[in-house]
Amino acid sequence: MTLDLFPPPEPGTKDRLGPDSFVLRGLALPRVDALLPAIEDVATRSPFRHMVTPGGFTMSVALTNCGELGWTSDRRGYRYSAIDPLSNAVWPAMPAVFAQLASEAASAAGFAAFQPDACLINRYEPGSRLSLHQDRNERDLGAPVVSVSLGMDAVFLFGGLARSDKAARITLHHGDVVVWGGADRLRYHGIMPMVDAPHALLSRQRINFTFRKAG
Ligand code: MD3
Ligand code: FE
């Protein structure tokens, strides 16, 4: 046995990240057995893919979407679209277990009646990262964003309203749910390069899905 100097936080803990954002530790854990097959189902119809940014870089994170609208990127820009450019069909519907978790999390953080129309699913492998960015392609910036982390731990960077503001580092664990709204909605954020530390259930992967009101 080795001594674990960095145990995951106690499930049920609510950590405040900012005036209007919270980490709900372990909130997704009771639903993991339903979430994983739902993600596989989505990925069978709209596979994970590495998108190209308008600047011409291929993202190290692979992504797909479910719900009415999906986030896409290519040389022409970022946008939400009802059609998956890979399948040329609509994105898979949002699984009921996804929608339930999103609404439970939003209420727990004090945002009532959250009805997301988009869910972006990111898949990280060791070395994948997401550089500091703002999420501002959604029409209704008054609605919160809910994010669910599964698999390997990630170091989340939480900056300010200017790219140059110093960013805090928060470790997100398997089962953690984060809700961001109000004054924190346009803060810069990102994910540090993923360390190769396999997870018991998901091996060398981290899956993050974010619910948004995009349309
Ligand atoms: C704070 N994803 O998909 S989730 C993204 O872990 C994204 O995959 C990261 O940033 C991930 O855009 C972080 C947390 C997150 C998502 C959206 C936000 C934090 C946010 C929007 C506004 C403020
Ligand atoms: Fe983001």
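Separation of the range 48-109 and the range 118-132, taken as the distance between their Cα centroids, equals 11 angstrom. Applied to the range 144-151, the Karplus parametrisation 6.51 cos²θ - 1.76 cosθ + 1.60 on θ = phi - 60° returns per-residue 3J(HN,Hα) values of x, 10, 10, 10, 10, 10, 9, x Hz, with x for Gly and Pro. A Gaussian network model of the chain, with springs between Cα atoms under 10 Å, assigns the largest mean-square fluctuation among L150, L186, L63 to L186. Between the beta carbons of I83 and V195, assuming R0 = 41 Å, the FRET efficiency works out to 0.70 to the nearest 0.05. Counting only protein heavy atoms and a probe of 1.4 Å, the accessible surface of the range 14-212 is 53% carbon and sulfur.
What you get for the chain, charging only the Cβ of Lys and Arg (+1) and of Asp and Glu (-1), is a dipole of about 620 debye around the Cα centre. Cβ-Cβ distance of D41 and A113, R₀ of 22 Å, FRET efficiency by 1/(1 + (r/R0)^6): the value works out to about 0.25.
Averaged per residue, the range 61-170 has 46 square angstrom of accessible surface, using a 1.4 angstrom probe with ligands and nucleic acids left out. Can you give the percent of C-alpha pairs in the chain whose distance is more than 24 Å? Taking all Cα-Cα pairs of the chain, the fraction more than 24 Å apart is 39 percent.
When all protein chains stay in place and ligands, DNA and RNA are ignored, the 1.4 Å accessible-area order of K166, K14, largest first, is K166, K14.
Given a Förster distance of 41 Å, report the FRET efficiency between V97 and L132 from their Cβ-Cβ distance, rounded to the nearest 0.05. Using R0 = 41 Å, I get an efficiency of 0.85.
The values are calculated or read from the model by the stated rules, or taken from the named source; none is laboratory data. Keep in mind that what you see is a predicted model, and the values were worked out from it rather than measured. Every residue, glycine among them, receives a Cβ derived from its backbone with ideal geometry; neighbour counts consider all protein chains shown. The accessibility values were calculated without ligands, DNA or RNA, using every heavy atom of the protein model including side chains. Shrake-Rupley method; radii C 1.70, N 1.55, O 1.52, S 1.80 Å.
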